[in-house]
Amino acid sequence: MLSFGVALLVSLLVSLAILRLAYLGRGYGMDADFSHLRRLHQRPVPRIGGVAIFAAAIIGGALIWFKNPHTGGAILALLACSLPCFAGGFLEDLTSGVRPRLRLLLMFVSVVLTMVVLDLRIPRVDIDLLDDWLHIGWFTFALTALAMLTIINGINLIDGLNGLAGMVCLSMFGGLALVGYAVNDPFVVSASLLMAGSITGFQFWNYPRAHLFLGDGGAYVLGFILGALSILLVARNPAVSAWFPPLLLAYPLLEVAFSVWRRRVLRGHATGMPDAAHLHHLVYRRVVRWAVGAEQSESSEQRNAYASFYLWVLSSLAVVPAVIFHAQGWILGAFLALFVVSYVWLYARIARLNVPSWLILRAHRH
């Protein structure tokens, strides 16, 4: 828990330093393109909050290493492997000029490094036919890389509202810590609490009013660590079902799958083509606006904060049962199927302007 507190404090202070430097620099790392279809803010905001999270994780990891070289060394090795991934996102946050293919390549480099350094492999999926294929090296390599790249990009996709990605990741790291504690895995527990502290310090500046954005660098490193810890938890602990990570990470994973289907199948566009049709965009524009209003910038900021709450609840419907039933594969699979159906149903209702009345919470006006 000491590492949690240290990471929180470092993240809080580094975030403050970033805010001061960003506004003094007036340009670098600022998100001031209000014409973009996905922009939901009304003023320039620094988008390099990932630096605070990464710095806090490094310092907290060093503290863990000082107390326990074995656990701390593994955490620092994982953070070192994430550096290419983080660097690609950070450079994009600074310049807005790093091509998606280069960023994807850097993510892949980080994944390969982790495979070599920490033996990151999906050991089983608890489906007999696929488990037989996992004895084939190239299949295991491809499946692990695909899973890691999907969750990294999934966290980036949900990073569209004040506090949304941060709180979702915080709950997922909390879930990993609880399950890690249940199966006596100090590496997973320590790494998860460390990342949770790093996020908490950043969240102070990101919600309810966004003074600092997570940015691609922050989203990438959080997605990378989430994916790696989820896979390593299953690989190191036979008592944890292989269906635990898919349910725990269901919300961002489903965002990726649904985005690919929407862009490629429905519209015939490239899968990397950005759009403003994610579930959080729909909740912001078609659910919360009716409760808060849609005209003034103050209302826009309030709507942004309100909308995040809906997605926090949605994500918790996957995280909570994943933690409770982490060893029962068939129950996890049933909850995963239920979550997918619920997500599709909710998306379809909101997209067709047929919002369930119980979703509309009226704001109190004074």
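The values are calculated or read from the model by the stated rules, or taken from the named source; none is laboratory data. Small disclaimer: the values here were computed from a predicted structure and weren't measured. Please note: Cβ atoms are built from the backbone with ideal geometry, for glycine as well, and neighbour counts cover all protein chains shown.
In a residue-by-residue description of the range 132-152, the property of being over 20 Å from Leu247 (Cβ atoms), assigned to a helix (DSSP H, G or I), in contact with a Cys (Cβ under 9 Å, 6 or more places away or on another chain) and at pLDDT 95 or above applies to no position. If you go through the range 55-94 and keep only what is polar (S, T, N, Q) and more than 16 Å from the chain's Cα centre (by Cα), you end up with Asn68, Thr71. Within the range 93-119, take every residue that is surrounded by 22 or more Cβ atoms within 10 Å (Cβ to Cβ) and of a type outside the set (Ser, Thr, Tyr) and give me the one that is modelled with the lowest pLDDT. So the residue we want is Asp93.
All of Met172, Met195 fail the test of being touching a Cys at 6+ places or on another chain (Cβ under 9 Å) and either surrounded by 24 or more Cβ atoms within 10 Å (Cβ to Cβ) or of a type in the set (D, E, K, R) (or both), apart from Met195. Going by what's in this entry, would Ala52 be described as at pLDDT 95 or above, of a type outside the set (Val, Ile, Thr) and either within 27 Å of Phe173 (Cβ to Cβ) or under 22 Å from the mean Cα position of the chain (by Cα) (or both)? Considered against the rule, which asks whether it is at pLDDT 95 or above, of a type outside the set (Val, Ile, Thr) and either within 27 Å of Phe173 (Cβ to Cβ) or under 22 Å from the mean Cα position of the chain (by Cα) (or both), Ala52 comes out as yes. Within the range 175-187, being surrounded by fewer than 24 Cβ atoms within 10 Å (Cβ to Cβ) and either part of a helix (DSSP H, G or I) or among the polar types (S, T, N, Q) (or both) holds for Ala177, Leu178, Tyr181, Ala182, Asn184, Pro186, Phe187. Counting just the residues of the range 211-239 that are surrounded by 23 or more Cβ atoms within 10 Å (Cβ to Cβ) and over 19 Å from Ile75 (Cα atoms), which one comes out farthest from the chain's Cα centre (by Cα)? Going through the qualifying residues, I end up with Leu212. If I filter the range 70-88 for residues that are touching a Lys or Arg at 6+ places or on another chain (Cβ under 8 Å), of a type outside the set (Phe, Trp, Tyr), under 22 Å from Thr150 (Cα atoms) and not in a loop (DSSP other than H, G, I, E, B), do I get at least one hit? Looking for residues that are touching a Lys or Arg at 6+ places or on another chain (Cβ under 8 Å), of a type outside the set (Phe, Trp, Tyr), under 22 Å from Thr150 (Cα atoms) and not in a loop (DSSP other than H, G, I, E, B), one finds at least one in the range 70-88, hence yes. Scanning the range 86-111 for residues that are more than 20 Å from Pro46 (Cα to Cα) and either without any contact (Cβ under 8 Å) to a residue 24 or more places away in the chain or touching a Ser or Thr at 6+ places or on another chain (Cβ under 6 Å) (or both) gives Arg99, Arg101, Leu102, Leu105, Leu106, Ser110.
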